[in-house]
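Everything below concerns the one structure shown next.
Every read-out reported here was derived from the displayed coordinates using simple, explicitly stated rules and does not represent laboratory data. Please read these numbers as outputs of a predicted model, since none were measured by experiment. When we count neighbours, we look across all protein chains shown, and the Cβ atoms used for this are built from the backbone with ideal geometry, even at glycine.
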Amino acid sequence: MTAVSSAAKRQPVPEGWTPRIVAFFCHWCAYSAADLAGVDRRTHCSDLRVIRVMCSGRVDPQFVLDAFAKGADGVLIGACHPGDCHYVDGNSKALRRFVLLRRTIEALGIEPERLRLEGISASEAERVRAVAEAMSERLRALGPLSRRAFVSSAETASDPNGEGAHG
Amino acid sequence: MRRDARDKLSEDAGPVPVQSRPAIRRELKLQREADGAWLGKFADLPGCERIASCTQCGACSAACPLSIYMDVTPRRLMALVRSGFRSEALKSRSIWLCTSCYACVAACPQKISVADLMFALKREAIETRVYPKRFAVPVLSDEFMNMVRTRGRSSDFWLAARMTLRSSPAALFGMAAIGWRLWRAGRLRLSMEGIHLLAEFQRASLARKDAA
Amino acid sequence: MTGSSAPANGTKPKQYSYYPGCAIKGTGIAYEESLLEVYRLLGVAWQELTDWSCCGAQAYMTVDAGQSCMLSARNLRIAYQSGSHDIVAPCSACYLALRKCKDYVERYPRMREVVGDFMPASDLQAIANVRVRHALDMLYVDIGPSAFRARATRPWPGGKVACYYGCQAVRPYSEVDRDGNPMRMDELLEAVGVPVAQWPLKTKCCGSSHTGTLHEVGVRMGYLLLKEAVRRGAEAVITICPLCQFNLDVYQKDMTRSTGESFDIPILFLPQALGWALGADHRALGLHRGISGAETLRRWFAGPREGASDG
Amino acid sequence: MADAPRIGVYVCHCGANISATVDVAAVAADAESLPNVVAARHYTYMCSDAGLALVQADIRELGLNRVVVAACSPHLHEPTFRRALASAGLNPHLLQMANIREQDAWIHTDRESATRKACDLVRAAVHRVALHTPLDIRKAAVRPDVLVIGGGIAGMHAALTVANAGKHVYLVEREFSIGGQMARYDKTFPTLDCSLCIQAPKMTAVRTHENITLWTGSEVEEVYGHVGDYRARIRRRARYVDENLCVGCLQCVDACCYDGDLIPDAFNMGLSGRKPIYLPFAHAVPTVVAVDPGSCLNFTRGGCDRPCTDVCGRDALDFDQTPWVEEIEVGSIVVATGFEPFDARKATEYGYGIYPNVYTSMEVERLINASGPTAGEVILRDGTRPQAIGVIYCVGSRDERYNPWCSRVCCMTALKLSHLLCERTGAEVYNFYIDMRAAGKGQEEFYQRVLNDGVQFVRGKVAEVCDWALDPSEEGKLVIRVEDTMTGYVRRVPVDMVVLTVGMSPRSDSDELRRTLNVGCSGDGFYRERHAKLAPVGTLTDGIFIAGCCQGPKDISDSVSQAGSAAAEAIALSVKGSYDLDPITARVVAESCSGCRVCMPLCPFGAIGYAEPGGKCEINAALCTGCGACVAGCPSGAIRQGMFDDAQVFAELSGLLLGAGSGSSGSASGRVPPAVSLQPSAEATGSALR
């Protein structure tokens, strides 16, 4: 609770600020859907930057934390729907990690809504648009991610093993 | 009708100048008569969220035991809702004929809760007061609800009596014979019970009414 | 009201919340009498819901969906608080109102919001634990045909019956029995030696409140049911809903008047027939309360003295 | 890395597709300032020969060793640019594409933000490509033989096509005869060819083809291996008859002492009976009888006089036969296991199983078939001949309660059966349809023909079939209640016979085979193709192809087309003899591996092994599909992946987020830690728990 409220003490939103969303899209479903959104010309906000991975199961929690650390205001993981994974169950691995990750970032003072996992099948171009818009809207409401809180606390952390959060 | 006569019935003419019998009615729907936003109102209504999936197969009408009495079958009603012909749908007798037996719901291949749509239409018709006066079905609903609101429970006897008084007082005589037989069988309860937590419930009802 | 009698084996029996509903306290009183008599004979423990209110049935739903749902939610909450989490509703309309309320509160945030004005969120969550049972569901699943077969002591004195399930017990949830050709009532009755006629109209609408509002329409629906039941060899119709029973029982004279076909057949409640097989007294089962087929009822149930003299 | 990265960046206009929304010149200019970038250019069509020549010239003249192309989706032109790199002497994996068309220019309208996004994407690609390493495409040998599972029309056609190409085929069929569902049909739409007449020659060809090994009564029990090298265990059921000796004279069947033809004949959909020893159907291939141990007295009662053995002149009966397993090695597999007709009992409203005169379309196929139980006479179960027939469409299909999909063939099946029933019985035939779908070649024309046959068409979904007579004219009839949505009337139509046109369901055991083969299913339970349009017969498991109705409902012509296509894929593999392994596979860095084996259960393909002596995990590159689940899951960071290494993704993130000039140029040889180490502080964690 306190962690969330500390994050809520955010700086005023700068003029012309737009959220930066890093999206890890799996090659087979979400990335294909994002391509299809283009083919269908489903115009939407330009806040999303897609990084292609073969499978949502490839998304290392470190990728997500790194994205936040480097300036992302939100991270979206686009996976196949349950049962649709091209690698049998990579999406369920992503889901397991996602649940833990949300708790981790909350502990770091990052609002959990800044991380989303969405099932998007290769044909769901509209869903790409809808998810991007919804996430952008949410992040606009939340404002820029206050990195000061958790970055400084990370820097002053007594744990000498800098990579302790890995895995 | 001869061809030239028909040609005179141009679509933008005002009242149709036809005196012949049987009466010829012009029926043309302009898009401005349709309420495009209406369908959206149903989308988040419990049970009605799948209305847009209707394929107009007619299984609802075929399953409905009362569709044979309806001016607009359930399938057509669904089409009216989807096309936004609001007053046509609300004025139809059909919605008052529904007994909510859920046959349409069980038959629908798209899992649309047609019965819930009927409830929703009835409610809107009552709200906008477009139902026929002295029409017994809405009167029954109204009386029922008033009774429950004040007493917490309903009573067959008083409900029937009040409804008949409001809709067709003459029918009271017909009811007397039935009432007498029920009375003899010990099946009429004239006293009305109230429930103890009523005040609390009324408060909540009122609170919501105020909020709305 | 409560009822319990120690079962033979001495274990503490499960207690049911009994939700009679308005109709059963009035025109459907025989349903209550016979159900509770069956419970007494079988040692089923029950407790009437304290301060129960109307279920918010369809007439209420027509005017205000939220309030209708609130009424049912209130009853479900009482059942939860009583500790007896199986709520038995003999009336199909009550059963459906309660079941639907539970379903909609679980599935629709909007419904939760509306009902949330009336009770705290913790209560809303609690009602998810209440199991809504129709009397037929409870008799079939928790007691079962074989138990009835074992306890049946009295042969059926009458002819074939047609089981009429009506609509709201089987639709839309199909938990009491399946919608297409339900058989549970048939199985229970066959278990106690009642011959049943198979017919295709088991779940057709009885006319509901139209018998009162659109009289001709409502009565014709009942007429079609009775005509087919008789055509299939039934001498009585067994129901599980007070409204079905009322419509079929009370309006037979009207059917005769409008069609010229004469009807005078008894319309019973399921526990009346089951109770008879268990050896209950005919007055205790409310078997004297029928309007139609009174002669037949007397002949079948009122004991050899009157029955024999009727010939 | 031996050389410092020298990166060329190429921004494509794609005509005006990109340049209309993205300021390509600005993107190129921005790229020029990035670290390691030697050249940045923009051009109208980067994928044209001229565009590719531009890249190749720079590689040669400027000594580029990395290339970034900012253009369309890598799904489209990555292979094109990789080939260009290769022909210029650069390893094709030293390329990275930035998708500024589908995922930028086409979805945005604001030029400024679209350009900013393009710059970000290019910067990410530049950072990433710096860490790309040359990767070798390894080749795996492909065994020439092909396994075809399922002996219906699709399986037979695939088997024959492969066999005709000179490759050996194992055709495995579960039933004791090939032929599948098509063998049951009377005529085929829209041409009304006799089904058996067109199928029988194919069945014979399969049986006699020198390149086909046909195993009926057999099932695939286990498959392991990978593309080019599959090993399969085929379980062969005992038929208690020596297939090589029996000539199908049927004297044993006549002699069988079992009293009466009482066992429901599955081929005739239970409309007739058979004995415990039987020929699957008259034109079965192989024409060899089989013994049903479930009913044969030799098995059920422990013995009879065995008159069958006595009359067999070839001594073909063998009651001691036991099931056995064949093991085969093949390079690829074609799955053609077909469908199951929808179980009409589930649609209780139509009374199937309650009213004897309610039939499924599959039953009617047998009923009107000259070789069927009534020799083609339409005689109902109650012995009568129908005067009026109702044909109900979409039974079990397009229905959220059962199967939501359209089964595609039912409209035509219903039209065909209506036509044949009309022709053979002279009965009044009513069709109850929702939407008429006759989209195939010659199908709309056939619909027109039936419309003119005098068949009645009522548009509406039937709500129920029931024997409740409301009117004297309905006595003794089955009454169909429907809303005629065209006239707006609710109608009751009395008929003597109801035909339920049942749709196609996935086989009930399709999930078992799916697991055995490690292929995917779509949400509906049919096998999932690799790409709905561009790879319709491939699966995500290389070397396994699908054909026919196991992939989804389709008619005979489509099944055969798909089977031919699957066969072509199998032949291509077989002929090529080798297979390129995508170098995105993962590998374990032995020095870093702690041997914890966390990765092993993460691998969906069982590609990770554990070597006891060294105590390290190993990845079989041939089985690895490059999903990267193990890479993300390895607690020691000991697993590296080609093209998707941790360092490359971190670099991509840096480029995307950190802005120009501040990118990471971390070494490719180790895991790059994130720019800021994130460790939940005691304070933050504590307060979260409070």
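Angle, helix C:65-82 long axis vs. longest principal axis of chain C, Cα atoms, 0 to 90°, nearest 10? Its long axis makes an angle of about 90 degrees.
When only alpha carbons are used to place a centre, region D:563-595 and region C:57-99 end up 61 Å from one another.
Straight-line cross-link partners of B:Lys91 among the lysines, defined as a Cα under 24 Å from its Cα and at least 8 positions apart when in the same chain: B:Lys29, B:Lys41, B:Lys122, B:Lys133. Given a Förster distance of 45 Å, report the FRET efficiency between D:Asp315 and D:Arg231 from their Cβ-Cβ distance, rounded to the nearest 0.05. The value I calculate is 0.80. Using θ = phi - 60° in the Karplus curve 6.51 cos²θ - 1.76 cosθ + 1.60, the 3J(HN,Hα) couplings for region A:62-79 round to 4, 4, 5, 4, 5, 4, 4, 5, 8, x, 6, 8, x, 10, 10, 10, x, 10 Hz; x is entered for Gly and Pro. Rounded to whole Å, the principal axis extents of the Cα atoms in the protein assembly as shown read 118, 95, 92, largest first. For the protein assembly as shown, the residue among D:Val334, D:Leu415, C:Ala197 whose Cα projects farthest onto the positive side of the dipole built from Cβ charges is C:Ala197.
Using only side-chain charges placed at the Cβ, +1 for Lys and Arg and -1 for Asp and Glu, the dipole size of chain D relative to its Cα centre rounds to 1240 debye.
Taking trypsin sites (Lys or Arg not before Pro) across region B:31-76, the ones in a DSSP loop with at most 16 further Cβ atoms lying within 10 angstrom of their Cβ are B:Arg50.
Where a ≥ b ≥ c are the square roots of the eigenvalues of the C-alpha gyration tensor, would you call region C:127-264 rounded, which needs a/c under 1.5, or, failing that, prolate if a/b is larger than b/c, or oblate? It is oblate, given that a/c is not under 1.5 and a/b is not larger than b/c. Here region A:20-119 is assigned +1 on the Cβ of each Lys and Arg and -1 on the Cβ of each Asp and Glu. Its dipole about the Cα centre then comes out at about 140 debye.
Packing-based ranking of A:69-80, D:611-622 yields A:69-80, D:611-622, ordered from highest to lowest mean Cβ neighbour count within 10 Å.
Taking the charge dipole of the protein assembly as shown about its Cα centre, with +1 at Lys and Arg Cβ atoms and -1 at Asp and Glu Cβ atoms, the residue from C:Gly279, D:Pro536, D:Pro286 reaching farthest to the positive side is C:Gly279. Rounded to the nearest 10 degrees, the inclination of helix C:92-107 to the longest alpha-carbon principal axis of chain C is 30 degrees. When the Cα positions of A:Ser32, D:His42, C:Cys55 are compared along the charge dipole of the protein assembly as shown, C:Cys55 comes out farthest toward the positive end, with charges on each C-beta of Lys, Arg, Asp and Glu. Rg ratio for region D:105-240: its Cα radius of gyration over 2.2 N^0.38 Å, N being its residue count, equals 1.79.
Placing a label point 7 Å from the Cα of A:Val39 along the Cα-to-Cβ direction, the residues of region D:529-561 whose backbone N falls under 19 Å from that point are D:529-540. For chain C, the square roots a ≥ b ≥ c of the C-alpha gyration tensor eigenvalues yield an a/c of 1.5 or more together with a/b not exceeding b/c, which makes the shape oblate. Sort region D:31-137 into rounded, prolate or oblate with this rule: let a ≥ b ≥ c be the square roots of the eigenvalues of the Cα gyration tensor; rounded if a/c is under 1.5, and if a/c is not under 1.5, prolate when a/b is larger than b/c, oblate otherwise. It is prolate, given that a/c is not under 1.5 and a/b is the larger ratio. For B:Gln110, the residues 5 or more places off, or on other chains, whose built amide H falls under 5 Å of its own are D:Glu400. Here region D:525-660 is treated with +1 on each Lys and Arg Cβ and -1 on each Asp and Glu Cβ, and its dipole about the Cα centre works out to around 140 debye.
Quick check on my link table: of C:Lys160/C:Lys202; C:Lys160/D:Lys346; D:Lys441/D:Lys554; C:Lys100/D:Lys461, which ones sit more than 19 Å apart, alpha carbon to alpha carbon? Those over the limit are C:Lys160/D:Lys346; C:Lys100/D:Lys461.
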